[in-house]
Amino acid sequence: MTARPDGLRRILVVELLGGFGDVLLVLPAVHALARSHPQAEVDVLTFTPGDVLLAHDPLVTRVLPTSDHTDGVPRTVVEAALDEAERDARPYDLVVTTTTYDGIGELCASRAPRAVTNLWRRPPVGELIDRRFVRLLVEDGVVDPRFADEPLAVTLTDAELLAARERLQNFCTVDHLTGGQPCRSSPVVLVPGSGMRVKEWPAERWVDLATRAAAAGHPVLTAGAAGSSPVEGTALLPPGGLRDLAANLAVVGELGGVVVGGDTGPVRLATAVGARAVALFGPTVAGRYGLDPRLGTSLQGLPGCEVRRPLAITEQECWWSARCPLTGGDPACLADLSVDRVAAAVLG
């Protein structure tokens, strides 16, 4: 079934799963919908702070942000958006949602002439989530097959990029960031944190990787919040808001640099702004949560882990405690990713 490009006037995409990484997962689908229906307005309802990544996006008409994760509130926010559209006599013709908890899926289906509320249906282990979203929308007839391979992209302004170039201009000439080696000007950015201990590579391996990158002549920086400590021997990437981070990573890409980290938003964001990235996957499955191979490299630790639950990751024994049932301590899956293997992907 092929999408009819003249059939829709207003589209609402609901993404209320949590972090800004989830916004990035659905963004190719948002763009594919907008390109399939160029006459339609496309609004996106999502949590802060990920909403700012959609600012200045020429394919997004309006962003409807909410910051309240309290049980029951997200459904109320969705209902309010649908009510407002109807009061203005401009109801949504199509609602697409990645979110089904609290009856949000049923609400969307009941309030729009057309709704797609089952983007998680029958998921295979080996298909990337962001690509599957788009493919299912093609199957459902609301995305034109021409846009099935829509890449992940975040739009930045010229002013944001200029400011980031000014922030980063000194880092590629500072000798102590390269261990005194001639500077290659292509920075390596480390993202050791993830917000979840279960996703984090051992700290001593970050130090080893930083040492190797510096010895090869690369300035090495750590991406982290203001006031956080960088990996030993590295400098802290200039902190700021989420769009500042995006612009910094875009400049890293302009310089031919690479961003390396776990299964976390900043690594995926790097690929969205043109930087090469290497992502380290342990408890999550690279085949589902990995980077678009056109944009980055995904390394899977301990592929045959017997306690990993690819389709129910939050139900794994290790997920909330970060205590690995195989070792009784740190995650065996991330320990399986050697510095040699990661360095080969980052520096090779």
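The values are calculated or read from the model by the stated rules, or taken from the named source; none is laboratory data. Bear in mind that the values here come from a model prediction, so they are computed numbers and not experimental data. Counting neighbours? That spans all protein chains shown, and the Cβs are built from the backbone with ideal geometry, glycine included.
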Checklist outcome for this item: Turns out the strands (runs of 3 or more DSSP E) fully within segment 1-118 with at least 3 residues that are under 19 Å from the mean Cα position of the chain (by Cα) and crowded, with 21+ Cβ neighbours inside 10 Å are 10-15, 41-47
Item to check | Flag for P331 being under 14 Å from F281 (Cβ atoms), surrounded by 19 or more Cβ atoms within 10 Å (Cβ to Cβ) and either free of Cβ contacts under 8 Å to residues at least 40 places away in the same chain or not polar (S, T, N, Q) (or both) | outcome: yes
Checklist outcome for this item: Sole miss for R135 among (1) touching a Leu at 6+ places or on another chain (Cβ under 9 Å); (2) over 25 Å from D71 (Cβ atoms); (3) surrounded by 17 or more Cβ atoms within 10 Å (Cβ to Cβ) is condition (1)
Item to check | Conditions (1) more than 22 Å from L54 (Cβ to Cβ); (2) at pLDDT 95 or above: number failed by R121 | outcome: (2)
Item to check | Count of segment 283-311 residues which are closer than 16 Å to D149 by Cα and either in a loop (DSSP other than H, G, I, E, B) or free of Cβ contacts under 8 Å to residues at least 24 places away in the same chain (or both) | outcome: 6
Checklist entry - Residue check, A3 against (1) within 26 Å of A286 (Cα to Cα); (2) modelled with pLDDT under 95, all met but one. Which one? => result (1)
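For segment 127-139, does any single residue satisfy the condition of being over 17 Å from A32 (Cβ atoms), in a loop (DSSP other than H, G, I, E, B) and in the same structural domain as A34 (by TED's automatic domain parsing)?
no
Condition check ((1) without any contact (Cβ under 8 Å) to a residue 40 or more places away in the chain; (2) over 21 Å from A247 (Cα atoms); (3) among the polar types (S, T, N, Q)) across all residues:
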| position | (1), (2), (3) |
| --- | --- |
| G50 | no, no, no |
| D68 | yes, yes, no |
| V73 | yes, yes, no |
| A81 | no, yes, no |
Checklist entry - So, of the residues in segment 141-162 that are part of a helix (DSSP H, G or I) and among the aliphatic types (A, V, I, L, M), which turns out to be farthest from H37 (Cα to Cα)? => result L162
Next on the checklist: If a residue must be among the aliphatic types (A, V, I, L, M), farther than 30 Å from L59 by Cβ and modelled with pLDDT under 95, how many such residues does segment 144-193 contain?
Outcome noted: 2
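Right, V307: over 20 Å from L25 (Cβ atoms), buried (at least 24 other Cβ atoms within 10 Å of the Cβ) and out of contact with any strand residue (DSSP E or B) (no Cβ under 8 Å at 6 or more places or on another chain) or not?
Values: over 20 Å from L25 (Cβ atoms): yes; buried (at least 24 other Cβ atoms within 10 Å of the Cβ): no; out of contact with any strand residue (DSSP E or B) (no Cβ under 8 Å at 6 or more places or on another chain): yes.
The answer is no for V307.
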Item to check | Residues located in segment 221-276, provided they are in contact (Cβ under 8 Å) with a residue 40 or more places away in the chain and either outside the structural domain of E166 (by TED's automatic domain parsing) or among the polar types (S, T, N, Q) (or both) | outcome: T234, N248, T264, T271
Item to check | The listed residue being touching a strand residue (DSSP E or B) at 6+ places or on another chain (Cβ under 8 Å) and closer than 21 Å to D144 by Cα, out of L82, L16, L12, L45 | outcome: L12
